[in-house]
Amino acid sequence: MPAAYRGGSGERIIRDRVLSLPVSTERQSYIDVIRFAAANRLLVDIRYRDAEGNRSTRTVEPYSLAETAAGDIQLHTHDRTRNAHRSLRIDRIEGATVTNQSFVPRYAIELSPQGPVRVTPTP
């Protein structure tokens, strides 16, 4: 079993099946897709907008969700294009599609394999 990814200082790994996060129903569906892919060891194509507003599609291995000390929710991944670890803020994810390409985990997958997360929208 691979070791867990070492998150940043003050990060809390999110394993709950029912979450109360400040995300839209649309983003909830992206998280469901990502968790399905992680449970089945499948790569995910993520459409992402960075801090400068640049859009890209990244093919990633999904590993965990974490809340930062600042309250941001991040998806820890291994980006296949950049061959590096990347933390993606879920509020910047604009789409997620499961591929048919499997991967061998580099880290322990901490996204719950028991089923999809239900992220309830908050006002």
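A few notes on this one:
- Residues of segment 65-82 that are among the acidic types (Asp, Glu) and touching a residue at least 24 places away in the same chain (Cβ under 8 Å): Glu67 alone.
- For beta carbons closer than 6 Å, sequence separation of 6+ or different chains, a first residue in segment 42-64 that is modelled with pLDDT of 95 or more and a second that is basic (Lys, Arg) and not in a strand (DSSP E or B), the qualifying pairs are Tyr48/Arg92; Arg49/Arg92; Thr59/Arg80.
- Where strands (runs of 3 or more DSSP E) fall wholly inside segment 55-97, the ranges with 3 or more residues that are of a type in the set (Gly, Ala, Ser) are 55-67.
- Qualifying residue in segment 107-120 (condition: of a type outside the set (Ser, Thr, Tyr), in a loop (DSSP other than H, G, I, E, B), modelled with pLDDT under 95 and touching an Asp or Glu at 6+ places or on another chain (Cβ under 7 Å)): yes
- Whichever residue in segment 44-54 is out of contact with any Gly (no Cβ under 9 Å at 6 or more places or on another chain) and assigned to a strand (DSSP E or B) and, among such residues, is surrounded by the fewest Cβ atoms within 10 Å (Cβ to Cβ): Arg49
- Qualifying residue in segment 10-27 (condition: exposed (fewer than 13 other Cβ atoms within 10 Å of the Cβ), at pLDDT 90 or above and assigned to a loop (DSSP other than H, G, I, E, B)): no
The values are calculated or read from the model by the stated rules, or taken from the named source; none is laboratory data. No experiment lies behind these values; they were computed from the predicted model shown. Using ideal geometry, Cβ is built from the backbone for each residue, glycine included, and neighbour counts are taken over all protein chains shown.
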